[in-house]
Amino acid sequence: MSKSINIVSSRAVPLRETNVDTDQIIPARFLKATSRAGFGKNLFRDWRYANDDESQPRAEFVLNNPTYSGKVLVAGKNFGCGSSREHAAWAIKDHGFDVVVSSFFADIFRNNALNNFLVPVQVTDEFLDQLFAAVEKDPATEVVVNVEAQTISVPAAGLQSSFDINNYKKTCLLNGYDDIDYLLSIKPAIEAFEQQHK
Amino acid sequence: MAKTLFDKIWDKHVVQQIDGGPSVLYIDKHFIHEVTSPQAFQGLEKRGMKVFRPQQIVATADHNVPTLQQHLPIKDELSRVQVQQLITNCKNHNIELYGLGHPFQGIVHVIGPELGVTQPGMTIVCGDSHTSTHGAFGAIAFGIGTSEVEMVMATQCLMQSKPKLMRINVEGTLNKGVVSKDIILYIIAQISASGATGYFVEYAGSAIRSLSMEGRMTICNMSIEMGARGGMIAPDEVTFGYMKGRQFAPGNGQWDRKMEQWKELYSDADAKFDVEINIKAEDIEPMITYGTNPGMGVSVAGLIPGEKDIDDKEKPSFLKSLDYMGLQPGSRIKGKKVDYVFIGSCTNSRIEDLRLVAGFVKGKKKASDVEVWIVPGSKQVEKQAIAEGIDKIFEEAGFQLRQPGCSACLGMNEDKIPAGKYCVSTSNRNFEGRQGPNARTFLVSPLTAAVAAITGEVGDVREFI
């Protein structure tokens with residue numbers, strides 16, 4: 001997993017589905033691994049294949065459509081709802097995405113994504129519609145996400161929007177820090193807290 | 001200043017507030033299980049660290065354990081390895097494990113409360129979204145990802161931004177045949193599967209107060225299904241009565257001191273919530289879901305929405321969902337033939353749920369072409385059911401009483417619903433493939449599940465009581 005992320009400039013894959021739950025992103029039967037690696041091949045497994053041996057890819061599913069590729073996944077409202085499985089974020093990242101754009105993210109998924117340097121970019125419903133339209137009109141179009149500037153744009157279509165990101169999390173993304181590094185650095189404060197918390 | 005129940009607990013647990021960023025929140029109790037913990041232990045070991053406060057962690061095996069012949073080695077190799085990994089990790093890090101064969105083993109959200117580990121005023125986390133269940137005791141409890149499991153193992157803290165607060169008031173008297181599962185399915189149907197995203201929810205009102213602890217846990221359990229970070233209910237005499245004398249509840253020497261703290265745990269009369277929603281208990285009927293997210297629910301006696309009732313933007317997902325379920329817009333679910341009935345999961349596998357089902361089926365037989373699986377939430381629930389003779393009632397009805405685990409709720413073990421088959425289920429999710437690839441799930445209360453088991457079709461419990 002590559003740590004630290006700022007500018008992602010790439011083609012995008014449009015997934016026109018709302019309420020994409022983590023059971024679709026990675027079905028439960030693929031959660032039995034004990035390492036973080038290799039989940040990408042089971043990303044959207046049951047939407048990608050009609051059967052379990054991968055011999056029947058569903059042509060209509062966007063990941064099987066050679067027209068689209070890239071590091072940006074664009075999805076409908078309420079992405080990542082359901083289970084807390086971080087395997088969903090691992091699978092998306094492992095498949096090669098660095099950014100997920102939606103008009104709404106489930107809370108646990110958003111945290112999991114940030115902890116894995118997968119950038120959840122939340123935009124308005126209107127912008128999302130325009131983004132879908134631009135990508136579907138020209139699959140080669142570049143989408144540019146700038147974490148530092150907190151912007152997402154499609155230069156060819158003249159689209160631009162800003163997005164919110166917590167300042168602390170932004171620093172983590174830009175510098176490749178994770179929360180554990182920070183928490184370990186304040187361990188004396190935690191121990192002092194415990195003394196009076198009893 | 002007036003505080004909400006959430007504020008009172010949150011404020012007591014903030015170790016540090018980062019400028020323009022999250023709070024460092026201290027965690028009192030951390031539950032772990034075999035599926036979301038291995039990579040966290042691995043991460044910790046990579047850093048050359050030991051678990052910081054092992055005595056504040058409780059471990060169990062639940063997600064992929066078999067529900068038959070648990071004394072034998074697990075057949076599925078990957079499941080066996082994962083469960084074995086948990087045993088090794090807990091041993092290496094000195095963590096209490098209620099694994100297979102232990103009298104306390106069971107679904108993580110069932111055993112915490114029944115053992116008295118879950119207590120009012122605590123902050124509680126687990127690598128499982130249904131951790132919201134524990135909020136029924138007046139605790140801040142929420143699900144986390146594996147990186148966060150690692151954080152809590154390393155430091156007993158989490159970086160958390162304070163969520164917005166929502167209060168849902170359910171006032172009035174519940175109708176005949178309506179139980180707590182119907183209340184929460186009704187609420188989610190009202191506000192949608194994403195209606196509470198970004199919020200922590202407090203449930204209040206006379207109808208909530210009237211519920212038992214088991215009923216309250218069912219409500220809080222499904223808070224995540226409307227996107228809420230968690231749900232909570234202020235503790236009261238019902239809470240204290242449930243807790244007293246439980247294995248790890250404060251003993252006599254501690255009880256009175258704890259009670260003093262717990263009695264302060266309520267939202268002040270003039271406390272402000274970001275959103276308040278009022279629901280009339282009288283409006284709630286026995287509920288069922290028809291689609292592929294828990295927000296797609298209607299009265300068992302009602303109609304699936306018609307195409308014209310759905311917003312144009314939502315229509316493709318709505319139609320795809322009904323196509324998956326093999327149902328027509330505007331049609332009735334009542335009378336639909338069912339193939340499987342599953343009574344279990346962290347939503348509805350407690351002793352009260354089993355009693356409710358047993359009370360309905362006593363002296364009756366299941367429909368001949370329905371398979372009925374009853375999966376108790378824990379060894380303690382199983383033991384209690386046997387002590388009360390509930391096992392005999394199920395046996396005579398032709399039900400299979402299995403051994404504790406998550407089972408067909410998410411089908412990580414052998415308990416899967418075959419493709420295309422209909423399952424009436426007391427679990428919490430009807431997502432595509434949740435109970436097995438292409439399985440079709442109707443979410444209901446234990447009472448409505450009992451009706452389906454006996455009649456072989458979706459029915460309205462009010463016609464039978």
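The values are calculated or read from the model by the stated rules, or taken from the named source; none is laboratory data. Predicted model only: the values in this text are computed from it and were never measured. Please note: Cβ atoms are built from the backbone with ideal geometry, for glycine as well, and neighbour counts cover all protein chains shown. Note: areas computed on protein heavy atoms with side chains; ligands, DNA, RNA excluded. Shrake-Rupley method; radii C 1.70, N 1.55, O 1.52, S 1.80 Å.
To keep it simple, each residue is scored yes or no on (1) under 22 Å from the mean Cα position of the chain (by Cα); (2) under 19 Å from B:A141 (Cβ atoms).
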position: B:L158; (1), (2): no, yes
position: B:K162; (1), (2): no, yes
position: B:L185; (1), (2): yes, no
position: B:G195; (1), (2): yes, no
position: B:G198; (1), (2): yes, yes
Q) Which one is farthest from B:M412 (Cα to Cα) among residues in the range B:57-92 that are touching a strand residue (DSSP E or B) at 6+ places or on another chain (Cβ under 9 Å) and facing another protein chain (nearest Cβ under 10 Å)? A) B:N89
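Can you tell which of A:F117, A:F132, A:F79 is buried (at least 20 other Cβ atoms within 10 Å of the Cβ), more than 9 Å from chain B (Cβ to nearest Cβ) and touching a residue at least 40 places away in the same chain (Cβ under 8 Å)?
Values: A:F117 fails: buried (at least 20 other Cβ atoms within 10 Å of the Cβ); A:F132 fails: buried (at least 20 other Cβ atoms within 10 Å of the Cβ).
Matching residue, one of A:F117, A:F132, A:F79: A:F79.
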Q. If you check A:A106 against the conditions, is it facing chain B (nearest Cβ under 10 Å), of a type in the set (G, A, S) and either more than 26 Å from B:A419 (Cβ to Cβ) or surrounded by fewer than 21 Cβ atoms within 10 Å (Cβ to Cβ) (or both)?
A. yes
**Q.** Single unsatisfied condition, B:E34 versus (1) surrounded by 20 or more Cβ atoms within 10 Å (Cβ to Cβ); (2) under 22 Å from A:D181 (Cα atoms)
**A.** (2)
(Q) With the condition being touching a Pro at 6+ places or on another chain (Cβ under 7 Å), I'd like the helices (runs of 4 or more DSSP H) fully within the range B:24-129 carrying at least 1 qualifying residues. (A) B:77-92
Q) So how many residues does the range A:17-42 have that are under 25 Å from A:A133 (Cα atoms) and at the interface with another protein chain (Cβ under 7 Å from one of its Cβ atoms)? A) 5
Q.
Suppose we filter B:K362, B:K334, B:K379 for residues that are open to solvent by 10 Å² or more (accessible area, probe 1.4 Å) and within 21 Å of B:T289 (Cβ to Cβ); which single one remains?
A. B:K334
Q. Got a number for residues in the range B:69-80 being touching a helix residue (DSSP H, G or I) at 6+ places or on another chain (Cβ under 9 Å) and surrounded by fewer than 16 Cβ atoms within 10 Å (Cβ to Cβ)?
A. 1
Q: Write out, first by first residue and then by second, each pair whose Cβ atoms fall under 9 Å of each other, whose residues are 6+ apart or on separate chains, and whose first residue, in the range A:177-198, is at the interface with chain B (Cβ under 9 Å from one of its Cβ atoms) while the second is open to solvent by 70 Å² or more (accessible area, probe 1.4 Å).
A: A:D178/A:K3; A:I180/B:R47; A:L184/B:R47; A:H197/B:K12
Q.
Can you tell me how many residues within the range A:1-31 are over 27 Å from A:E136 (Cβ atoms), open to solvent by 50 Å² or more (accessible area, probe 1.4 Å) and of a type in the set (A, V, I, L, M)?
A. 1
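Residue-by-condition table, conditions (1) in contact (Cβ under 8 Å) with a residue 12 or more places away in the chain; (2) within 14 Å of chain A (Cβ to nearest Cβ); (3) open to solvent by 20 Å² or more (accessible area, probe 1.4 Å):
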| site | (1), (2), (3) |
| --- | --- |
| B:I124 | yes, yes, no |
| B:S147 | yes, yes, no |
| B:M151 | no, yes, no |
| B:L158 | yes, yes, no |
| B:I168 | yes, no, no |
| B:Y186 | yes, no, yes |
| B:V201 | yes, yes, no |
| B:R209 | yes, no, yes |
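Looking at B:S427, B:S368, B:S349, which one is within 14 Å of another protein chain (Cβ to nearest Cβ) and either part of a loop (DSSP other than H, G, I, E, B) or not aromatic (F, W, Y) (or both)? Lay out the reasoning, then the answer.
On the way: B:S368 fails: within 14 Å of another protein chain (Cβ to nearest Cβ); B:S349 fails: within 14 Å of another protein chain (Cβ to nearest Cβ).
Exactly one of B:S427, B:S368, B:S349 is within 14 Å of another protein chain (Cβ to nearest Cβ) and either part of a loop (DSSP other than H, G, I, E, B) or not aromatic (F, W, Y) (or both), namely B:S427.
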Q. A:T18: β-branched (V, I, T) and farther than 28 Å from A:V144 by Cβ, yes or no?
A. no
